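*Asks:* Starting off with a structure, shown below.
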Amino acid sequence: MSTAALGLTATAGYLGGHLSFGRGVGVNNTSFEPPVTDWVRVASVSELKERTPKRVVAGTVPVVLVKVDGRITALSSTCTHASGPLDEGDIIDEHSHGACVRCPWHGSVFRLADGAVVRGPASVRQPAWAVKVEDDHVSVTMIDPVPDH
Ligand code: FES
């Protein structure tokens, strides 16, 4: 019995390692985005339509801008679950969470204000970006970029 249990444990460990390290199942797909610590001008306010996601690129990182009731928010555009394009998602209202974006691939819902997961399958929040508006220009920078990655 103990030999069988040891074999089962070793097999489960091998399978888990293969799936996460070899196939990337269950990893945060924004973990390796390079840090963007400067403000990057990415769009003009007049380009943004209410409740219509717009894909921009800050450095090399895709970001989705959304304007809701005149307020502009920004999240990393690559879904933490499996890299779906949030800039192709729907903007919806979730009762206590306010405006959210729903990933077009598997339906995860993220709060626009801070990237929190409102509904899975995603289990890791979407990185939120700081937004600055000067004249007609929209600039973004990462909030709490992870150093040395
Ligand atoms: S890729 Fe976004 S929910 Fe799966």
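*Asks:* Can you list the residues, at least 5 places off or on another chain, whose amide H is less than 5 Å from the amide H of residue 137, using H built in the peptide plane?
*Replies:* Amide H to amide H, under 5 Å and 5 or more residues apart or across chains, residue 137 pairs with 45.
*Asks:* Could you tell me the ratio Rg/Rh of the stretch 56-133? Both radii from Cα atoms, Rh via Kirkwood.
*Replies:* 0.93
*Asks:* Still on this model: Return the sequence-ordered ³J(HN,Hα) values of the stretch 135-141 in whole Hz as given by the Karplus equation 6.51 cos²θ - 1.76 cosθ + 1.60 applied to θ = phi - 60°, using x for Gly and Pro.
*Replies:* 6, 9, 9, 9, 10, 9, 8
*Asks:* Restricting things to alpha carbons, tell me how big the stretch 1-72 is in terms of Rg and Dmax, in Å.
*Replies:* Values for the stretch 1-72 (Cα only, Rg and Dmax): 21.9, 69 Å.
*Asks:* How do the peptides 40-50, 62-72 rank, highest first, by the average count of neighbouring beta carbon atoms within 10 Å per residue?
*Replies:* 62-72, 40-50
*Asks:* If you don't mind, there's one more thing I want to ask. Mind ranking 118-126, 7-15, 91-99 by how tightly packed they are, going by the mean number of other C-beta atoms within 10 angstrom, highest first?
*Replies:* Going from most to least packed, we get 118-126, 91-99, 7-15.
*Asks:* Let me ask you something else. Counting every Cα pair in the stretch 1-122, what percent are over 17 Å apart?
*Replies:* 62
*Asks:* Using θ = phi - 60° and the Karplus curve 6.51 cos²θ - 1.76 cosθ + 1.60, what whole-Hz ³J(HN,Hα) does each residue of the stretch 78-93 get, with Gly and Pro shown as x?
*Replies:* These are the phi-based 3J(HN,Hα) values: 7, 4, 5, 6, 8, 6, x, x, 5, 5, 9, x, 9, 9, 10, 9 Hz.
*Asks:* Take peptides 80-87, 54-61 and line them up by average Cβ neighbours within 10 Å, highest first, as a rough protection proxy.
*Replies:* With the highest mean Cβ count within 10 Å placed first, the list reads 80-87, 54-61.
No value in this document is a laboratory result; all are computed from the given coordinates. Treat the numbers as computed from the prediction; the structure is a model and nothing was measured. Reconstructed Cβ throughout: ideal geometry from the backbone, glycine too, with neighbour counts over all protein chains shown.
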